[in-house]
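**Student:** Supplied in C-alpha cells, the structure appears directly below.
Rule-based calculations on the coordinates, nothing more; no lab input. Worth saying up front: this structure is predicted, and the values here are computed from it rather than measured. Cβ placement follows ideal geometry from the backbone for every residue including glycine, while neighbour counts extend to all protein chains displayed.
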Ligand code: HDE
C-alpha cells in the first residue's frame, strides 16, 4: 500500500488543467437541491414520510387525544430544530461573506517564495467574511464598530488565513489583554446593556486605563467605524508578519487591501437611523452588488522592512498599536482581490468558516509581535468550542490541495481512511517529509536571545505620538466627526470618573479636541496641552486620500421621487443617465400602485409602478435623491410631510440632490434654503450640493450626472 492520503479535498488546482479553480465548484458535490419538484420528503435516515404536519395522535373527528411518543418523524423534526444553533463567535459574531479570487499583477519574489505572492499566472480562490466586533449575531450592521475583514486563501500550498480588520491598529499590545478589552466593550455583566455599542462606562473606563489604546480609539471615533459599505472600506492584516524568499532572507511585512471604489462612510445620524430602518443594510448591499455583477475589488499591497532595519524606527515595528507611515515604508500594490459569488447557504459557509492566524503557507512567517503570538493560540482554540474537533473537514474550511497525515478519529470524523497503519514512518511509506526546496514549510532559523520576563521593549511604552499623527492628518470635516463621536459616546457614560478622565486623556492628544468634547460632555475644560505636540501628518490616514482617480456613482442607489402628474421627460432622462453611469435608480412615490405622468390617461393603465412608497423606505437608505418637476406632482409632494422630510433629511445627510422644473422650488423650501441659486433656462446650477435645472434638456442630464459624480458625497 502506498502512503495513506487523507484527502477529502478535490485537487482541482492541479488536476483540472485549463479550468479556473473555484471553491464553489469544489463544494458542488456536497450541495443538495431541496427544490427538486419530484423529491419526496424523507426522514433523516431516508424513509419517505406520509405526513409532516400532524403529530401521530390518538384522535377522531370528534375527539383530539394524547400525542404519541412513538412518532419518530415528529420527534426527529423537533430534535433537529432544538439543536440548530451553535455558539456564536465570542467576538465578530455578526458577519457576511462571499467567494472570490485573488490574482497577482506583480511578483514579490524578491521578498518571498510564497506561490500566491510570486506566481502572476495563478488565480487563487478566496472566501472573505466581513463582521462587526461587539454585537451578537442578530445585531444591526451599521453600528459604530470596527469591521472584521477575514480572508481565507485556498492556495495550492494549503490555506492561508489573513484575519484582518478595517482599521490598521489595535487597542492593545499584548494578547493577554484581549479578554479585558472585549469584556469592557461587550454588554455590561449585570444587565447585559448595551448591545453592539462602545458608548458605555466600561468601554471608556478601559480606554482611559490603557494609554496604549489611545491611537485605536481615535480611529474608532473616526468615520472608519461607520462605513457606507463593506465594499468601500480598507482591510489590514494589522499584525506584523514576515516574508521569506528563496535565498532564505527575511523581511517584516504588513498586508493592506484598498477598495477600488474609494473609502466612504455614513454620517452618524444616517448610521443610527439605518440600524433601525434596515439592520441588514451592509449584508444586503454586498449581496446585491455581487448578484448584479458589480463585483467589489480591492488592490492588495505589502509594506516591507528588511530584517536588518527592524530597529531603525522610533516605534517598535512589532507593536500592533502603531502604523508604519507610508512616508517611511511605502505600500507596494501587487495584487487584486475580487468578490464574485454569493454563498449558496449562510450557515455552512459564513457561519461555519473558521479562520486561524496561525494558518500560513511557505514563504510567509510570523514575527514576535506579542499580539500575533496570542492570536495564533486563540483562533485555533476557539474553533473547538464553536465547531468541535474535526472542524477542518467542514467543506468551507478544508483546503483545495491534498491533505496527508495521520491525524484522525475524534467526534464527527467524516473522512473514511483506508489502510492498516496510522503512524509515520511505517513499513509501507519511506517517503520523507518535503524539504523546503520541495515545498516544505521552512521555520525560519531566527536567532533568539533575551531574558525571560513579563515585559516588552522600551519603544512599546510610547502611546500618544501616532494618536496625534492620526488626528492631525484628518480633514476638517473628519475632525469634526471625531469630536461629535466622542461627545456622543461619553454622553452615554453616566459615571463622571469615566468622562472626566477621558477628557484628560484627549488633552494629551489635542487641546482643541479635548476642549470641545469636555464642553459637550460636562468634563473639566482644559486650558493647556498636557503633552508637547509634534504637529506631523502622514498620508493614507484620512479617507480622502483614497478617492478614486475618476469619481464614480457606479452601484450607488438613487431615489427618484414622483407623484401623479410628474414630468415624464425628466423622469425617463435621469433614469437612463443614471443607469448608463452604473448607478441604481429606484422610483419612490406616495403609493406602489401605478403613478401617472403629466397628461397621461389613467385609463391607459400604463403608469409607472414605484419600487417603494414613501413610508416603506427613507432617504437614509439611498445615496442621492432626484425629483423631476411636474406641477401636479410637486403640489402633492409639497403637501406630504413625509416627502418633505425625505428631501430635508437627504440634505442634512450631505447627499447630492437633483431637481428640475417645479421641483427646484420644492427642494429650496423643503431644505429651507432661501439662498439656494435657481437655474434659468436649460443650464444646470449647483448650489449647496443641490443640482438644479429649470428646464429639461437631454444634455442637462448627462451634465447633472457629471456634477453628481463630482459632488462631495460621491468622492
Ligand atoms: Fe480576533 N478573534 N483576536 N482580532 N478576530 C476572533 O476567533 C483574538 C484581533 C478578528 O470572521 C475569534 O474564530 C485575540 C485583531 C476577526 O470568523 C477569537 C486577539 C484583529 C475575527 C479571536 C484578537 C482581529 C476575529 C473569535 C488579541 C485584526 C472574525 C471567533 C490578540 C487584525 C473572524 C474566531 C471570522 C475573531 C481572538 C485581536 C480580527 C476569539 C486573542 C488585532 C476579523 O479567536
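**Student:** Among 627, 396, 657, which comes first, then next, by fewest other beta-carbon atoms within 10 Å?
**Tutor:** So the residues, fewest neighbours to most, are 396, 657, 627.
**Student:** Right, another one. Over segment 95-393, what is the relative contact order in whole percent, taking alpha-carbon pairs under 8 Å and six or more residues apart?
**Tutor:** Reported as a whole number, the value is 25 percent.
**Student:** Using packing as a proxy for protection, rank 523-532, 256-265, 664-673 so that the peptide with the highest average count of other Cβ atoms within 10 Å comes first.
**Tutor:** 256-265, 664-673, 523-532
**Student:** Given contacts defined as C-alpha pairs under 8 Å and at least six residues apart, what's the relative contact order of the chain, whole-number percent?
**Tutor:** So the answer I get is 12 percent.
**Student:** Determine the gain in length on full extension of the stretch residue 70-residue 528; use 0.36 nm per residue of separation and subtract their C-alpha separation, reporting nm with one decimal.
**Tutor:** 157.0 nm
**Student:** While we're on this one: Run lengths n ≥ 4 of DSSP H only: what is the helix-derived mean residue ellipticity at 222 nm for the chain, with -39500 (n - 2.57) per run over all residues, to the nearest 500?
**Tutor:** -7500 deg cm²/dmol
**Student:** To make sure I understand, if each residue's beta carbon is the centre and we count other beta carbons within 10 Å, what order do 273, 602, 536 fall in, fewest to most?
**Tutor:** 602, 536, 273
**Student:** Using a 10 Å cut-off around each Cβ, can you sort 557, 404 from fewest to most neighbouring Cβ atoms?
**Tutor:** 404, 557
**Student:** Out of the DSSP beta bridges found with both residues in segment 557-714, what percent are antiparallel (nearest 5)?
**Tutor:** Around 20 percent antiparallel, to the nearest 5.
**Student:** What does the highest-first list of 569-578, 442-451 look like by mean Cβ count within 10 Å?
**Tutor:** Sorting 569-578, 442-451 by mean packing, highest first, produces 569-578, 442-451.
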